[in-house]
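Below you'll find the structure, written out as structure tokens, and then a few comments.
The values are calculated or read from the model by the stated rules, or taken from the named source; none is laboratory data. Note that this is a predicted model, so its numbers are computed, not measured. Because the Cβ atoms are built from the backbone with ideal geometry, glycine has one as well, and the counts that use them run over all protein chains shown. Accessible surface areas use protein heavy atoms only, side chains included; no ligands, DNA or RNA. Shrake-Rupley method; radii C 1.70, N 1.55, O 1.52, S 1.80 Å.
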Amino acid sequence: MAPPKKLGSPIELPVRRSTVIPVTLFPSVSFRKDHGRGEFVKYGSPYNQEDRLFFGLNPPWNNVHAIEFKEGRPVSFVTHQKVETKNISLDRIRQISHANVLGFKEVFILKDIIYFLRDQWGLTLNEILQLSPVFNLSEVEVAVICRAILQGLRYIHEQVDICYGNLTCSDILINEQGEVRIAGIGNSILQKPDPLGKAKDIQAVCHIARKLLRVEEAVDVRGTTGLLAQDFAGAPPATTAKGLLQHPFLEVSATQWCLRPLHILCKIARERKHEVEST
């Protein structure tokens, strides 16, 4: 098994006020009154804010570089990346409003580093896959997850008007309420436009479905749902998020509520797998 991730030492917090990012730093960017972006985009580092405590993660945990704690509880999860400041499209950095896309709590920009703070995280699909063969998702659960991913992608493609790019099982989170969220959209905003990007996103969903359904494994008999699942996972490249949402495989009556037990089930499976591998 992979070594457990450890919390790093608290990051030193010199007293420094945060400020809303000034217009003069980006003269090439057209700033207009935008209630979607508001004042959650700030200039500076989140680690330099007064009365805020962050713990660094080294190595990062599921792409999270630090966690902010308040009164002993996590309140923010920080991811960051290095970019060329002149290429940051600030007009695209705005509040995300969709149940299946993990938006931003705050965004900080300091020189060539951009920090995205989110108020929640969750269990990734990749973590669930690592529990096989002790624990595997059912076809109904996979249908609920894929439906949520496609609904999130449709919002990203049509409303935000970008593609996600390189969508994998590590980018899909399931929180303790059973809600499925696409994480990492901040990185997508910073990417160069790809004319084939949206089609690649849909094929990425099909690839995720194949991994969750374990379609590569030999199965002698599959029921109706299993056959529909295989057909869904093999959707043609030209399919859109809107079109694939009409697939019969996704017409299950179950909702994301059925995913609520996953956290405790995965915890039990993780302990069981550790016991098996230790014997």
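Odds and ends about this structure:
- For the stretch 157-179, filtering for residues that are surrounded by fewer than 24 Cβ atoms within 10 Å (Cβ to Cβ) and out of contact with any Asp or Glu (no Cβ under 8 Å at 6 or more places or on another chain) leaves 15.
- Search result, residues across the stretch 41-67 that are in contact (Cβ under 8 Å) with a residue 40 or more places away in the chain, part of a loop (DSSP other than H, G, I, E, B) and either assigned by the TED database to the domain that holds Ile182 or farther than 24 Å from Leu173 by Cα (or both): Gly44, Ser45
- Qualifying positions in the stretch 210-241 - out of contact with any Asp or Glu (no Cβ under 8 Å at 6 or more places or on another chain) and within 17 Å of Ala199 (Cα to Cα): Phe232, Ala233, Gly234, Ala235, Pro236, Pro237, Ala238, Thr239, Thr240
- Some residue of the stretch 118-135 being open to solvent by 10 Å² or more (accessible area, probe 1.4 Å) and of a type in the set (Lys, Arg): no
- Criterion: open to solvent by 50 Å² or more (accessible area, probe 1.4 Å) and over 21 Å from Gly122 (Cβ atoms) - qualifying residue of Thr239, Thr255, Thr224: Thr224
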